[in-house]
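The values are calculated or read from the model by the stated rules, or taken from the named source; none is laboratory data. The structure displayed is predicted, hence computed values, not measured ones. For neighbour counting, all protein chains shown are included, and Cβ atoms are generated from backbone atoms with ideal geometry for every residue, glycine included.
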Amino acid sequence: MTEIGLNGSDRIKSVAMLKHVIDQCFRDISPSCMVCTDPDCLGYIWVLPEEEGVFLDIGARTVQINGSQGPIFIDNYPRSADGNLIIDPKQTRCPYRDNNGRCTVHAARPLACHLYPLGIQTHPTEGYVWALHRDCHYVRAKEREGNIGELLDELYGIIDRLDPSVSAQIYEVYDKVEAISGRDGESTYYILLPLTRSGTVKKNSLAKGSYKTHP
Ligand code: SF4
């Protein structure tokens with residue numbers, strides 16, 4: 001494993017650094033994951049272009065939708081009889097999660113997996129915003145225990161230190177993911193803007209396209 005030396009005020013200039021500080025921030029998440037009964041590791045698990053090589057090197061599979069500039073996902077999609085992808089987040093369990101709920105590609109898992117329950121959402125007035133899922137067992141436990149403020153402060157610190165080049169890379173992929181994800185409906189989050197506030201975010205609607213699997 002690569003050691004990353006980083007102190008609490010350093011700017012986060014790479015995806016690897018971001019993974020490191022997020023893992024530190026969610027260092028006490030495991031007990032919640034062990035007792036969580038929600039379906040997990042489902043849906044649109046995106047992979048940054050710079051992460052794909054590591055992922056393929058361990059024998060995992062990805063799929064790229066809408067041509068060579070399209071978003072890349074862990075290939076967890078079933079196919080219809082005519083070979084098209086069936087993009088239904090409820091049917092798309094990650095193939096790298098074992099029957100005991102463990103991630104079998106843990107060291108190579110993409111940023112999207114490190115980040116959860118933190119994610120990016122499209123806010124009706126603010127554009128892209130970082131958002132903490134309040135439907136996560138861990139976040140609910142922090143709320144119950146009165147420790148949510150500490151967690152939000154730590155996440156603010158991370159987002160503040162994110163180099164714009166890293167955010168831009170993530171937003172670019174998120175933009176493409178949103179264009180095909182077809183996730184309708186509303187969810188409740190802590191929206192990580194300069195002022196903490198709870199809110200609902202309406203997700204974008206569906207647009208589909210072609211795909212190519214890797215390798
Ligand atoms: S790569 Fe691992 S953590 Fe990510 S969705 Fe798959 S099983 Fe879950």
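Observations
- Some residue of segment 128-135 being more than 18 Å from the chain's Cα centre (by Cα), more than 8 Å from the ligand (Cβ to nearest atom), in contact (Cβ under 8 Å) with a residue 60 or more places away in the chain and surrounded by 15 or more Cβ atoms within 10 Å (Cβ to Cβ): no
- Selected residue [touching a residue at least 24 places away in the same chain (Cβ under 8 Å) and within 15 Å of the ligand (Cβ to nearest atom)] from ASN99, ASN76: ASN76
- Segment 32-66, residues that are away from the ligand (no atom under 15 Å from the Cβ) and either surrounded by 15 or more Cβ atoms within 10 Å (Cβ to Cβ) or modelled with pLDDT under 85 (or both): VAL35, THR37, GLN64, ILE65, ASN66
- Test: residue in segment 79-93 that is in a loop (DSSP other than H, G, I, E, B), closer than 19 Å to LEU56 by Cα and not hydroxyl-bearing (Ser, Thr, Tyr): no
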